[in-house]
1. Amide H to amide H under 5 Å from I59: which residues, 5+ apart in sequence or cross-chain, H placed 1.01 Å off N in plane?
2. In whole Hz, with x marking every Gly and Pro, tabulate ³J(HN,Hα) for the stretch 143-156 from phi via Karplus 6.51 cos²θ - 1.76 cosθ + 1.60, θ = phi - 60°.
3. Would you mind checking the radius of gyration and Dmax of the stretch 18-110 based on alpha-carbon positions, in Å?
4. What length, rounded to one decimal in nm, is gained on full extension from Q73 through to R7, with 0.36 nm per residue of separation minus their alpha-carbon distance?
5. Long-range amide H contacts for V139: which residues qualify at under 5 Å (H placed 1.01 Å from N, peptide plane, sequence gap of 5 or more or a different chain)?
Amino acid sequence: MRHITGRAKVLDVVEYVLEFLEDRENSEKLTVFHHHHDVGDMIQEQIGSILHERGNQEITLRLKSEQDSQARQEIIDKFKDNPKARILIAPTLACGEGINLQFCSTGLLAEREWNPGKEEQAAPGRFSRIGSIAQFVDVVISVAINSIDEMFAEYIERKRQYVTEAMSGKTLDLGGQWNQSTIIKDIANKLRESGLKAWRKKIGF
């Protein structure tokens, strides 16, 4: 269901990207982070198709987990130096280390990760690097309302809070065992109770 939700959000992600290109300064760049490979493919294909139809010369670049370090660096250099290359689509988990995007200060998380630390390593972690001149980093999170995605986001933020409190030395009361297994069980129970009829209709079930 997490995968289905990611695919269902593609149109909204593409709309945000197109608005970014129209509304922001030509020097501003955007990195779109995703989890599933086909979600990244769909985002790239739809953005490219729309820009082509409009006669727009903007370039959409793509990082992939199977690329070696040299290939990735070539793409990042193009993203940095080419004024027409304003959009980079990249897998969140492959952007945790060894990638410097200090020239970019805006990110969009198209899909969430179970571990909030993985998200932070990618965005804003890849932006807030030595040499960055941005006054702030803007990270937008895409959430499908009234879907499992909304529940998933709630659990991720709870986990982020627990980690923060634990790192600050606070004693946590988790109300019993709280791990990925119990989270999935809780989500399943909520889905069964709510039915999510509107969501099923929206994605064609």
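1. Correct list: A85, R86, I87.
2. After applying 6.51 cos²θ - 1.76 cosθ + 1.60, I find 10, 8, 5, 6, 9, 4, 4, 5, 5, 4, 4, 4, 5, 4 Hz.
3. 12.5, 36
4. 21.0 nm
5. Amide H neighbours of V139: G107.
Coordinate-derived values only; no laboratory data. Being a predicted model, the structure only gives us computed values, none of them experimental.
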